[in-house]
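These notes concern the structure reproduced below.
Where a number appears in this text, it was derived from the coordinates with a stated rule and is not lab data. Nothing here was measured: the structure is a model prediction, and the numbers come from that model. Ideal geometry is used to build each Cβ from the backbone, glycine not excepted, and the neighbour counts take in all protein chains shown.
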Amino acid sequence: MKEKHILLLTGILLFFAGSVFVLHKLSTALQEKKNQYTILPAFCLPAITGEMVSDATIDRNKATVFYFFDPDCNLCHTMLEHLKTKQETFAGSQILLVTLLPEEKIKDFLAEIDFSPPENIKILLDENAELLSLMDIKGIPASLIYRDAMLIKRFDGPVTIETLIKYLQ
């Protein structure tokens with residue numbers, strides 16, 4: 001009878017030890033994924049203007065918004081319309097509009113909404129989803145705001161222009 005209790009107790013202890021180990025591994029993996037984008041990750045993507053934009057070419061002294069969008073997304077479409085009308089508000093910031101779609105589709109979309117981005121707003125082509133993966137983007141739209149290469153705010157889903165402005169000041 002004692003042997004059964006010892007075996008049962010040993011089994012319970014092993015189960016709990018295994019559970020603690022698995023939870024620790026999961027927690028560590030999640031923290032590593034988060035750390036991957038809390039500091040501005042290294043990236044290099046083409047802009048529709050033909051220039052290459054990277055973590056080394058952006059001005060780290062300015063707040064930078066990464067806005068992941070798709071022109072076929074109604075929420076994204078609305079956001080870009082609002083951005084177009086309030087673009088002067090973002091003159092002291094950098095806005096990087098990131099899309100997975102090919103250049104021609106984006107150029108057609110910009111012509112459709114009559115938007116010619118100023119110098120501080122760049123449209124980046126992430127056709128291989130490299131930055132999307134680095135920043136752990138699960139859905140579109142998504143916004144990440146960096147200051148001094150550190151993440152200050154993340155929005156998974158829609159966000160208003162007014163909310164972005166608040167975090168950029």
Along the three principal axes, how long is region 44-168 when you take its alpha carbons, biggest first, rounded to the nearest angstrom?
-> 33, 28, 28
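Suppose R0 equals 30 Å. What FRET efficiency, 1/(1 + (r/R0)^6) with r the Cβ-Cβ distance, do A111 and T160 give to the nearest 0.05? Mind showing how you got there, number by number?
Numbers: r = 25 Å, r/R0 = 0.85.
The value I calculate is 0.75.
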Ranked on Cβ counts within 10 Å of their own Cβ, fewest leading, D72, D55 go D72, D55
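Nearest 20 debye, what's the magnitude of the dipole of region 44-168 about its Cα centre given +1 on Lys and Arg Cβ and -1 on Asp and Glu Cβ? Please report the intermediate quantities before stating the final value.
Numbers: 12 positive and 20 negative charges, 116 e Å.
Dipole of region 44-168, to the nearest 20 debye: 560 debye.
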Whole-Hz Karplus ³J(HN,Hα) for region 75-91, in order, using 6.51 cos²θ - 1.76 cosθ + 1.60 and θ = phi - 60°, x for Gly and Pro?
-> 5, 5, 4, 4, 4, 5, 4, 5, 4, 4, 6, 10, 4, 5, 5, 9, 4
Report ³J(HN,Hα) in whole Hz for each residue of region 158-165, in order, from the Karplus equation J = 6.51 cos²θ - 1.76 cosθ + 1.60 where θ = phi - 60°; Gly and Pro get x.
-> x, 9, 8, 4, 4, 5, 4, 4
Distant-in-sequence amide H partners of A63 (H built 1.01 Å from N, under 5 Å) | Q94
P(r) of region 38-118 over all Cα-Cα pairs, 10 Å bins starting at 0, rounded to whole percent, reads 15, 51, 32, 2
